[in-house]
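Quick note: the coordinates plus some simple rules give every number you see, no bench work behind them. Keep in mind that what you see is a predicted model, and the values were worked out from it rather than measured. Virtual Cβ from ideal backbone geometry, glycine too; neighbours counted across all protein chains shown.
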Amino acid sequence: MGASASDRICLLTCSPRSAATAAELAAMWPDKVSVAQSNQAVVDASSIVCVAVLPSQYSQVLREISFRRDHTVLLCGTFLF
């Protein structure tokens, strides 16, 4: 998931990884939320990127995307006990 701000309007770009959740968010806020075609498309459209996956998925997800120097990246791991 990624976000960008333009004139104080926050826009959210969702990954297609959780298609049902992303579609639900886009339906609730169609002028603020969009669903990208890929994880890289999320990163390309965003200035702040939140990577929220299971710890075992980080390697695969991070290998698939390239960040810019000006990105703010948040790694939000989900831990199951």
Every residue from region 20-49 that is within 14 Å of C10 (Cα to Cα) and assigned to a strand (DSSP E or B): V33, S34, I48, V49
Residue satisfying all of: in region 25-45; closer than 19 Å to G77 by Cβ and either touching a Leu at 6+ places or on another chain (Cβ under 9 Å) or touching a residue at least 40 places away in the same chain (Cβ under 8 Å) (or both); surrounded by the fewest Cβ atoms within 10 Å (Cβ to Cβ) among these: V43
